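The values are calculated or read from the model by the stated rules, or taken from the named source; none is laboratory data. The model shown is predicted, which means the values in this text are computed figures rather than measured ones. Ideal geometry is used to build each Cβ from the backbone, glycine not excepted, and the neighbour counts take in all protein chains shown.
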Amino acid sequence: MQIQNPSGDPTKGIPPGAVAAPGIYVVVHREPAHTTPHEVTISAPIVLPECSDCAGVRFNRKCSSPIPVEDCECFQSPTTAPRFELEEAGLIIAV
């Protein structure tokens with residue numbers, strides 16, 4: 001069953017039960033409004049859940065998930081400090 005978004009904008013007011021793509025979402029709670037809007041990260045497609053405290057939760061997509069910094073080509077260079085240098089500087093704790 002496909003859940004329709006009544007707002008017409010596919011990124012706003014997404015109800016529980018709809019399939020959400022990965023990204024950052026602002027969650028708004030109403031009926032009753034028991035908390036302030038907050039952000040959540042969805043890392044893989046999911047069916048959006050119901051809120052356990054209200055009947056009016058809606059999800060608003062803020063943006064797509066950013067790529068992890070280690071996968072960004074801007075940070076893949078020979079000038080990047082090797083791991084052992086970071087460990088010696090106390091910036092990484094060896095496990």
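Sort out which residues of the stretch 52-87 are modelled with pLDDT of 75 or more and either in a helix (DSSP H, G or I) or in contact with a Cys (Cβ under 7 Å, 6 or more places away or on another chain) (or both), and write them in order of number.
At the first step, the residues of the stretch 52-87 found to be modelled with pLDDT of 75 or more are 52-75.
Answer for the stretch 52-87, where residues must be modelled with pLDDT of 75 or more and either in a helix (DSSP H, G or I) or in contact with a Cys (Cβ under 7 Å, 6 or more places away or on another chain) (or both): VAL57, VAL69, GLU70, ASP71, GLU73, CYS74, PHE75.
State which residue is surrounded by the fewest Cβ atoms within 10 Å (Cβ to Cβ) when the search covers only the stretch 17-43 and only residues that are in contact with a strand residue (DSSP E or B) (Cβ under 8 Å, 6 or more places away or on another chain) and among the charged types (D, E, K, R).
GLU39
Quick one: how many residues across the stretch 34-50 are closer than 23 Å to GLY8 by Cβ, among the hydrophobic types (A, V, I, L, M, F, W, C) and part of a loop (DSSP other than H, G, I, E, B)?
Total meeting the criteria: 1.
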